[in-house]
Amino acid sequence: MATNSIAISQGVETRSLSQVAVVVLGRFLFALIFLVAAPNHFTRQTIAFSASQGVPLASIAVPLSGVVAIAGGLSILLGYRAKLGAWLIVLFLIPVTLMLHKFWLVTDPIMAQIQMILFMKNVSMLGGALLISQFGAGPFSLDARRSR
């Protein structure tokens, strides 16, 4: 640990203030996309677009996916039952990624590239959610407070 860092004691481990800040910032940045995008799941335009992409029962499934995204995002952001929240994000991302970003079916090369980027973005977020599902929220979270 650097000589000019402030240590925060958590049981046997000691973390510097900068380490805690990085974990909290990481949770915030990870959750942000779900919390910002989720309200769109309640709009007619998003429901109609999803239906046009073959989402079954889009008028129910799309708003429900918005609720799942909000619940998972808030859980991770606050670090409250973050492992469960991460599984909610996994549950959200798998069907959204496979149903809405079918880059392999798009004939226009530019649109195919855009869909592939969106697909890979979701795959990377899926990886992050899987990590959180196993390792939890980390320090400075409601889960860490509960476990003391």
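Beta carbons within 10 angstrom, averaged per residue: use that to sort the peptides 89-95, 68-74, 31-37, 55-61, highest first. Intermediate values should be presented prior to the final figure.
Values: 89-95: 19.3, 68-74: 21.4, 31-37: 16.9, 55-61: 14.3.
Listed from highest to lowest mean packing, they are 68-74, 89-95, 31-37, 55-61.
For the chain, what does the relative contact order come out to in percent, with C-alpha contacts under 8 Å and a separation of six or more?
On the way: 176 pairs, mean separation 33.7, N = 148.
Here the relative contact order equals 23 percent.
Suppose R0 equals 35 Å. What FRET efficiency, 1/(1 + (r/R0)^6) with r the Cβ-Cβ distance, do Leu25 and Leu118 give to the nearest 0.05? Don't jump to the answer; show the numbers that get you there.
Details: r = 24 Å, r/R0 = 0.69.
Efficiency, from the Cβ-Cβ distance: 0.90.
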Compute the acute angle (0 to 90°) between the alpha-carbon long axis of helix 109-135 and the principal axis of greatest extent of the alpha-carbon atoms of the chain; round to the nearest 10°. 40 degrees
Here the averaged projected area of the range 77-148, based on the convex hull of its alpha-carbon atoms and given in nm², is 5.0 nm²
Size of charge dipole - the chain - debye, nearest 20, with Cβ of Lys, Arg +1 and Asp, Glu -1, no other charges: 320 debye
Among Met116, Gly138, Thr97, the residue whose Cα sits farthest towards the positive end of the charge dipole of the range 34-148, when +1 is placed on the Cβ of each Lys and Arg and -1 on the Cβ of each Asp and Glu, is Gly138
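So for the chain, what are the equivalent ellipsoid semi-axes in whole Å, largest first, each being the square root of 5 times an eigenvalue of the Cα gyration tensor?
Its equivalent ellipsoid spans semi-axes of 35, 17, 11 Å.
Here, each number is a calculation from the coordinates, and none is a lab measurement. Source: prediction; values computed, not measured. Counting neighbours? That spans all protein chains shown, and the Cβs are built from the backbone with ideal geometry, glycine included.
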